[in-house]
């Protein structure tokens with residue numbers, strides 16, 4: 001009987017460790033303000049880079065970036081404000097604001113290169 005209780009308790013302990021490990025391995029999603037995302041939407045003219053234009057849109061509640069002629073990707077939020085991960089490409093997009101907090105520029109860092117684009121009105 002003592003062996004049965006011991007193995008029962010051992011099994012519960014192992015199950016708890018498994019659940020804790022799975023919970024710790026899954027990062028909590030970062031909340032995104034969809035109104036704030038609208039400030040980022042637009043066309044950004046890129047100079048001296050393999051792409052000429054970066055188009056930022058919102059599709060199905062997600063921020064999307066399209067490097068014209070190169071494809072598109074989801075831009076996932078990071079803990080840092082105005083910095084998004086380029087999903088599937090291992091890069092980041094940083095939105096740069098002026099003194100009035102308006103988005104005026106974007107910095108795309110991907111595969112070790114950084115490209116800047118000015119927001120078009």
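If you go through region 46-62 one residue at a time, how many are in a strand (DSSP E or B) and either under 14 Å from residue 103 (Cβ atoms) or within 19 Å of the chain's Cα centre (by Cα) (or both)?
7
Condition test on residue 40, is it at pLDDT below 60 and surrounded by 10 or more Cβ atoms within 10 Å (Cβ to Cβ)?
No: the conditions fail for residue 40.
When you check residue 56 against the structure, is it in contact with a strand residue (DSSP E or B) (Cβ under 6 Å, 6 or more places away or on another chain), at pLDDT below 95 and surrounded by 14 or more Cβ atoms within 10 Å (Cβ to Cβ), yes or no? Working first, answer last.
Values: in contact with a strand residue (DSSP E or B) (Cβ under 6 Å, 6 or more places away or on another chain): yes; at pLDDT below 95: no; surrounded by 14 or more Cβ atoms within 10 Å (Cβ to Cβ): yes.
The answer is no for residue 56.
Keeping to region 91-106, report how many residues are surrounded by fewer than 16 Cβ atoms within 10 Å (Cβ to Cβ) and either in a strand (DSSP E or B) or touching a strand residue (DSSP E or B) at 6+ places or on another chain (Cβ under 7 Å) (or both).
Here the count works out to 5.
If you check residue 29 against the conditions, is it surrounded by fewer than 10 Cβ atoms within 10 Å (Cβ to Cβ), within 11 Å of the chain's Cα centre (by Cα), modelled with pLDDT under 90 and in a loop (DSSP other than H, G, I, E, B)?
Values: surrounded by fewer than 10 Cβ atoms within 10 Å (Cβ to Cβ): yes; within 11 Å of the chain's Cα centre (by Cα): yes; modelled with pLDDT under 90: yes; in a loop (DSSP other than H, G, I, E, B): yes.
In short, yes.
Could you grab me the full set of residues in region 63-84 that are at pLDDT 95 or above, surrounded by fewer than 18 Cβ atoms within 10 Å (Cβ to Cβ) and not in a loop (DSSP other than H, G, I, E, B)?
Residues satisfying the conditions are 64, 66, 74, 76, 83.
The values are calculated or read from the model by the stated rules, or taken from the named source; none is laboratory data. The structure displayed is predicted, hence computed values, not measured ones. When we count neighbours, we look across all protein chains shown, and the Cβ atoms used for this are built from the backbone with ideal geometry, even at glycine.
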